[in-house]
1. Tell me which residues, restricted to the range 138-162, are in contact with a helix residue (DSSP H, G or I) (Cβ under 7 Å, 6 or more places away or on another chain) and crowded, with 20+ Cβ neighbours inside 10 Å.
2. Among the residues that make up the range 248-258, is at least one of them touching a residue at least 60 places away in the same chain (Cβ under 8 Å) and closer than 30 Å to residue 486 by Cα?
3. Among the helices (runs of 4 or more DSSP H) lying completely within the range 452-531, list those that include at least 1 residues that are farther than 15 Å from residue 284 by Cα, in the same structural domain as residue 376 (by TED's automatic domain parsing) and free of Cβ contacts under 8 Å to residues at least 12 places away in the same chain.
4. Just a yes or no: is a residue in the range 175-192 touching a helix residue (DSSP H, G or I) at 6+ places or on another chain (Cβ under 9 Å) and in a strand (DSSP E or B)?
5. In the range 256-285, which residues are within 22 Å of the chain's Cα centre (by Cα) and over 29 Å from residue 418 (Cα atoms)?
6. Out of the residues in the range 268-297 meeting the condition of being out of contact with any strand residue (DSSP E or B) (no Cβ under 7 Å at 6 or more places or on another chain) and part of a loop (DSSP other than H, G, I, E, B), tell me which one is surrounded by the fewest Cβ atoms within 10 Å (Cβ to Cβ).
7. Residue by residue through the range 149-174, note down the ones that are farther than 29 Å from residue 419 by Cβ and part of a loop (DSSP other than H, G, I, E, B).
8. Within the range 445-464, is even one residue at pLDDT 95 or above, surrounded by fewer than 24 Cβ atoms within 10 Å (Cβ to Cβ) and in contact with a strand residue (DSSP E or B) (Cβ under 7 Å, 6 or more places away or on another chain)?
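The values are calculated or read from the model by the stated rules, or taken from the named source; none is laboratory data. This one's a predicted model, so the numbers in the text were calculated from it and none came from an experiment. Neighbour counts are summed over all protein chains in view; Cβ atoms, including those assigned to glycine, are modelled from backbone coordinates with ideal geometry.
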């Protein structure tokens, strides 16, 4: 192409002109309509062709001075994203929601799904030069096991009754009961494979076998990584280096993107996202992946130990108004359980709970109350707009005689000092690939992240039975009943499913985005590139 054609193409590639203007400009510059049309396709295709190079800066609306590289402690998108840059896992959820091999080259199970055999890839090298073997997998999983474990993944690994090596490249895991979804669970962001020495891992050393090697880490501020020259994947890890920046304030995060200080951000401010759409050079993404916002109540403490109070609060929130006001259409109402319509066993027969102040008053009366005053702890560290959501809820609940005192908490340290510490707070969850995973991690008795401290005997019984049930009809019935139990007895007020909404510079290329977690399944650093 001539210099003028190059200039027009570059402006189109950067998003400074749209497709129509590109065509008109090319024709005005002397190109035929046919040539201009072919160049459109070539320029657009070029943005989808990965190439190596560049320093990528990612602004994330989470992170804390208490952050640690111990994967057992990963609590939000910040360390989860950094962890995926440095580490690999046995399995990987794809950008279409399927499961593929990562460090486990293949796997199969016994007929009852109790025993699983994983064949490891050979020749994988950790950043410290050690070669991956079965002992690394065993030590990495054992880090989360045991009575004394504080790991958030404890509920995932607790069913493991035995784990052993069968040679250097094979791991055999025996479970206490059948679990047809077990390989999915091993993709959990808490369960990277780290190098072992004398049967244990150094959990905080940040040595992995991922696409990037850690250069520096300043908790609550930034982490910087550089490309792993020995990375085993030839179709990942395009950037020379990546900088993860903690920018919890959404206005500061947006300003950093629009001024070019960062190349991408998550958690856009939905109140101003329409303005971002107008800025040349930026792309907005919106992904529906089952992410949901919750208001967990500690069911072991008054007044929340009384289910009548929980039901009153559930009826005192106008979910539709919250979705319209807070999400601006980037989501949908939820029904106090985490299973969205996209799940395999979604209970479509379950009636949607509606805003009903009179019914809320009825449940208060059942609890022996005419009014209720209660504190709700909120910070935007929980999710973008969490404080606004709490204030809106206060307005809705007032019509039912409920006085919600919104406690504005600091963003820094929210997950350590407020969540699961205060009786009622704000929280969020990414969508899980399976019903069992969604239920097990947050609602099972004794689960480390059972944020409501809920213990329902029927639910716990069904959870174990459904996990091993091979009859599809019976399994659907069990999961359907579990959704009813959570809606009508659970301690989580779960009002809405929220799309992942973020923005990138048009200089950033990527494939279709994964929906299992924000930032392309937490793998933006590994999967994205500069065009």
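1. 141, 143, 144, 151, 152, 153, 155, 156, 157
2. The answer is no, given that none of the residues of the range 248-258 is touching a residue at least 60 places away in the same chain (Cβ under 8 Å) and closer than 30 Å to residue 486 by Cα.
3. 457-468, 472-489
4. Yes, the range 175-192 has at least one match.
5. Selection gives 257, 262, 263, 283, 284, 285.
6. Result: 278.
7. 166, 167, 168, 169
8. The answer is yes; a qualifying residue exists.
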